[in-house]
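Note sheet for the following structure.
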Amino acid sequence: SVSKRSASKSALLFKNFPDLVEIQEDNQRIVEQSDIVFITVLPEQTKEVLETINFDQRHTLISLVSTSNIADLARDSGLAFNQIYKMICLPSVASHDGVC
């Protein structure tokens, strides 16, 4: 499931992967249906989004937010440090236009 936060991006994901993507209005519902949760919002939106979601011990949070750090993500989500991971998107590497 994906949130409707960015309607155009959600619609494109649904169009490209109709059997895999379900668009949800409610972030909490997405989390309740998931074990692994990816957060991909603008840095200034991270705290607000995480504080509105109730996570439990089965959840793993993966942040693609460029400026996020594990301590802040733990504080805002209520999850333990060992349930939180950072991921860096490198589109230029994926398309073989750069190196890391």
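Can you confirm whether Gln24 is surrounded by 15 or more Cβ atoms within 10 Å (Cβ to Cβ) and over 16 Å from Ala80 (Cβ atoms)?
Values: surrounded by 15 or more Cβ atoms within 10 Å (Cβ to Cβ): yes; over 16 Å from Ala80 (Cβ atoms): yes.
Here the answer is yes, as Gln24 does meet what is asked.
So, of the residues in segment 80-100 that are within 21 Å of Ile30 (Cα to Cα) and within 14 Å of the chain's Cα centre (by Cα), which turns out to be modelled with the lowest pLDDT?
Among them, the one singled out is Met87.
So for segment 61-73 (the condition being polar (S, T, N, Q), assigned to a loop (DSSP other than H, G, I, E, B) and open to solvent by 70 Å² or more (accessible area, probe 1.4 Å)), does at least one residue qualify?
Here is the first cut: in segment 61-73, the ones polar (S, T, N, Q) are 63, 66-69.
So of that shortlist, the ones also assigned to a loop (DSSP other than H, G, I, E, B) come out as 66-69.
Now restrict to residues that are open to solvent by 70 Å² or more (accessible area, probe 1.4 Å): 66-67.
Scanning segment 61-73 turns up at least one residue that is polar (S, T, N, Q), assigned to a loop (DSSP other than H, G, I, E, B) and open to solvent by 70 Å² or more (accessible area, probe 1.4 Å).
How many residues does segment 1-21 contain that are more than 12 Å from the chain's Cα centre (by Cα) and either surrounded by 13 or more Cβ atoms within 10 Å (Cβ to Cβ) or assigned to a helix (DSSP H, G or I) (or both)? Outline the logic, then answer.
Residues of segment 1-21 that are more than 12 Å from the chain's Cα centre (by Cα), as a first pass: 4, 6-21.
From the residues that got through so far, the ones that are either surrounded by 13 or more Cβ atoms within 10 Å (Cβ to Cβ) or assigned to a helix (DSSP H, G or I) (or both) too are 4, 6-16, 21.
Counting residues in segment 1-21 that are more than 12 Å from the chain's Cα centre (by Cα) and either surrounded by 13 or more Cβ atoms within 10 Å (Cβ to Cβ) or assigned to a helix (DSSP H, G or I) (or both) gives 13.
Looking at segment 2-18, I want the residues that are closer than 21 Å to Leu42 by Cα and have a partner that is in a strand (DSSP E or B) and open to solvent by 60 Å² or more (accessible area, probe 1.4 Å) with Cβ atoms under 7 Å, at least 6 apart or on another chain. Which pairs are those?
Hits for this filter: Val2/Ile23; Lys4/Ile23; Ser10/Ile23.
Could you check segment 53-76 and list, in sequence order, the residues that are of a type in the set (Ser, Thr, Tyr) and modelled with pLDDT under 95? Walk me through it before giving the result.
The initial filter retains those residues of segment 53-76 that are of a type in the set (Ser, Thr, Tyr), namely 60, 63, 66-68.
Result: Ser66, Thr67, Ser68.
I'd like to verify a number: residues in segment 27-60 that are touching a residue at least 24 places away in the same chain (Cβ under 8 Å), in a loop (DSSP other than H, G, I, E, B), open to solvent by 50 Å² or more (accessible area, probe 1.4 Å) and not polar (S, T, N, Q), how many?
Number of matching residues: 1.
Condition (residue is of a type in the set (Val, Ile, Thr), in a helix (DSSP H, G or I) and surrounded by 13 or more Cβ atoms within 10 Å (Cβ to Cβ)) applied to segment 78-85: is it met by at least one residue?
To start, the set of residues in segment 78-85 that are of a type in the set (Val, Ile, Thr) comprises 84.
Filter once more, keeping what is in a helix (DSSP H, G or I): none.
No, there is no match, as no residue in segment 78-85 is of a type in the set (Val, Ile, Thr), in a helix (DSSP H, G or I) and surrounded by 13 or more Cβ atoms within 10 Å (Cβ to Cβ).
The values are calculated or read from the model by the stated rules, or taken from the named source; none is laboratory data. Everything numeric here is computed off the predicted structure, so don't read it as measured data. We place every Cβ from the backbone using ideal geometry, glycine too, and count neighbours over all the protein chains shown. Ligands, DNA and RNA are excluded from the accessible area calculation, which covers all protein heavy atoms including side chains. Shrake-Rupley method; radii C 1.70, N 1.55, O 1.52, S 1.80 Å.
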